[in-house]
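Enquirer: Questions regarding the structure given below will be posed in turn.
Here, each number is a calculation from the coordinates, and none is a lab measurement. Just so we're clear, the structure is a prediction, and the values are computed from it rather than from any experiment. Note: ideal-geometry Cβ built from the backbone for every residue, glycine included; neighbour counts use all protein chains shown.
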Amino acid sequence: MALDGFVAFLRASGAERLQRAADNLDAETLVPDADWNDLAAGVGPSGPWTDDTVSKEYESWCYAHQRHGPEIDPPLPVLLGRAILGDRFLVLFQDGLEAAGRGKLTENDAANILRDFGYLDPLTTDPRLLAATPLGAHVLWATYDATDPAGDPEKVLNGDDPAASASDVFDRAALRFPADLDGNDVLIPVYRRDATRIHAPTVADADFAVLFRPSPAPPGQPGRTVPASGRPGIPEVVHEVVHADRLVRRLGRYHE
């Protein structure tokens with residue numbers, strides 16, 4: 001294909017993330033033809049390429065072609081859930097506080113407010129703050145109970161074990177767990193899908209994520225994580241950014 005030279009360059013790189021991108025590009029079947037054509041036009045047929053230039057060009061293509069995978073067929077889930085590191089969510093919460101008119105607070109002050117609101121318990125948290133706090137950035141990765149449209153996605157992420165460790169939750173979601181957690185929690189927001197369209201993820205959504213594997217499922221089905229531990233994967237989908245006003249309960253918290 002037109003991208004053979006580009007993929008070969010990625011594979012010959014000494015960088016793990018570029019090599020994984022090459023393998024994922026070879027295995028991907030859900031990217032629309034027009035998106036492939038855009039990538040081929042962007043990187044050119046024969047370079048010259050460097051690790052830096054291909055990284056920038058590929059990341060630019062990924063960002064412009066997120067959520068282009070096939071939409072998931074019914075029955076669609078009522079609830080979605082995702083796993084996010086506590087310190088990453090705190091940055092989103094700081095943004096929400098500022099958007100809700102509370103100013104640009106320090107990380108410590110934001111953390112205290114998050115605790116005061118019971119980790120965004122929707123029964124007690126200021127609705128304006130919930131509506132202003134995004135549950136992620138750019139493109140949101142989520143899971144759900146594929147056996148029950150009304151099922152609880154937190155049970156999918158924790159293996160139906162409320163005492164699961166933070167690293168177990170991240171492993172099921174096929175996310176790379178920090179080597180030094182340094183007291184960080186993993187948080188699980190469970191939220192209403194409402195009318196949000198959910199898509200099977202593609203390489204464009206994954207960018208250079210080294211634990212992502214393209215879905216072998218046919219169009220209309222969710223992707224599936226490939227946990228590093230070898231345990232069974234869980235459904236994975238992507239969707240647009242939504243906010244904490246869709247939470248059905250306070251954030252789930254998991255420790256290491």
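Enquirer: What net charge is computed for the residues neighbouring D145, neighbours being all others with C-beta under 11 Å from the C-beta of D145, Lys and Arg scored +1, Asp and Glu -1?
Expert: -3
Enquirer: Do any trypsin sites (Lys or Arg not before Pro) in region 133-228 lie in a loop, going by DSSP, with at most 16 other beta-carbon atoms within 10 Å of their beta carbon, and if so which?
Expert: Passing both the DSSP loop test and the Cβ count: R176, R197.
Enquirer: Just to check I understand the Karplus step: with θ = phi - 60° and J = 6.51 cos²θ - 1.76 cosθ + 1.60, what whole-Hz values come out for region 189-194, glycine and proline as x?
Expert: x, 10, 9, 6, 6, 6
Enquirer: Then there's this: Can you pull the Rg over Rh of region 4-64, Cα-only, Kirkwood?
Expert: 0.92
Enquirer: Quick one: what do you get for region 113-256 if you divide its Cα Rg by 2.2 N^0.38 Å?
Expert: 1.05
Enquirer: Quick one: P(r) of the chain from all Cα-Cα pairs, 10 Å bins, percents rounded to integers, in order of increasing distance.
Expert: Taking every Cα pair in the chain, the percentages come to 7, 29, 32, 23, 8, 1.
Enquirer: Between A100 and R197, 0.36 nm times their residue separation minus their Cα-Cα distance comes to what? Intermediate values should be presented prior to the final figure.
Expert: Details: separation 97, 0.36 × 97 = 34.92 nm, distance 2.64 nm.
Computed gain between A100 and R197 is 32.3 nm.
Enquirer: Using bins 5 angstrom wide from zero, how does P(r) for region 26-109 break down, in % of all Cα pairs?
Expert: Pair shares across the bins are 3, 10, 13, 12, 12, 13, 14, 12, 9, 2, 0.
Enquirer: Which residues among region 241-256 fall inside the zone where the amide N is under 17 Å from a point 7 Å beyond the Cα of D161, along Cα→Cβ?
Expert: 253-256
Enquirer: Note down the magnitude of the dipole of region 151-256 about its Cα centre, charges +1 on Lys and Arg C-beta and -1 on Asp and Glu C-beta and zero elsewhere, to the nearest 20 debye. Please list the in-between numbers first.
Expert: Details: 13 positive and 16 negative charges, 78 e Å.
The dipole magnitude comes to about 380 debye.
Enquirer: Calculated from DSSP H runs of 4 or more alone, at -39500 (n - 2.57) each and per residue, what is the 222 nm mean residue ellipticity of the chain, nearest 500?
Expert: -10500 deg cm²/dmol
Enquirer: Please tell me the relative contact order of region 4-64 in percent, rounded to the nearest whole number, where contacts are Cα pairs under 8 Å and at least six residues apart.
Expert: Across region 4-64, relative contact order equals 35 percent.
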